[in-house]
Amino acid sequence: MIYYLINITVYIVSVIMAMIGLSCFHFDRFIREGRMKEFYVFYLMASVGLGYLFASFILNFTTWSSLL
C-alpha cells in the first residue's frame with residue numbers, strides 16, 4: 001500500500017515539476033492568435049509526458065540501486 005502511495009506522489013510531483021520547468025520558456029512568441037486552447041492542450045500533454053519519464057527514471061533508479 002505504501003509503495004503505491006509513494007509512486008503516485010512521485011508521479012504527481014514530477015508532473016508539477018515539469019509544468020514549472022516548461023513555464024520558463026516563452027512559448028507565446030510562437031503561438032498564433034486564437035490558438036491558446038490548443039497550446040494549453042499541448043502544454044498539459046508535454047508536462048505529463050516529461051513528468052512521467054522523469055518519475056519512471058527516479059523510481060527505476062531507486063529500485064535498481066537498492067538491489068546493488
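Every number in this text was worked out from the coordinates using simple rules, so none of it is lab data. It should be emphasised that the depicted structure is a prediction, and the values quoted were computed from it without experimental measurement.
Against the chain, whose longest principal axis is taken from its Cα atoms, helix 36-67 shows a tilt of about 20°. Once Rh is set to the Kirkwood radius over Cα pairs, what Stokes-Einstein translational diffusion coefficient, in µm²/s, holds for the chain at a temperature of 25 °C and a viscosity of 0.890 mPa s? Stokes-Einstein gives a translational diffusion coefficient of 181 µm²/s. Taking Ser14, Ser47, Ser56 as the candidate residues, the one with maximal mean-square fluctuation in a Gaussian network model of the chain, Cα springs under 10 Å, is Ser56.
Gain in length, Met17 to Glu38, computed as 0.36 nm per residue apart minus the alpha-carbon separation, to one decimal in nm? Before the final figure, lay out each step's value.
Numbers: separation 21, 0.36 × 21 = 7.56 nm, distance 2.13 nm.
Stretched out fully, the Met17 to Glu38 stretch lengthens by 5.4 nm.
Mean sequence separation of contacting Cα pairs (under 8 Å, at least six apart), scaled by the length of the stretch 2-67, corresponds to a relative contact order of 51 percent.
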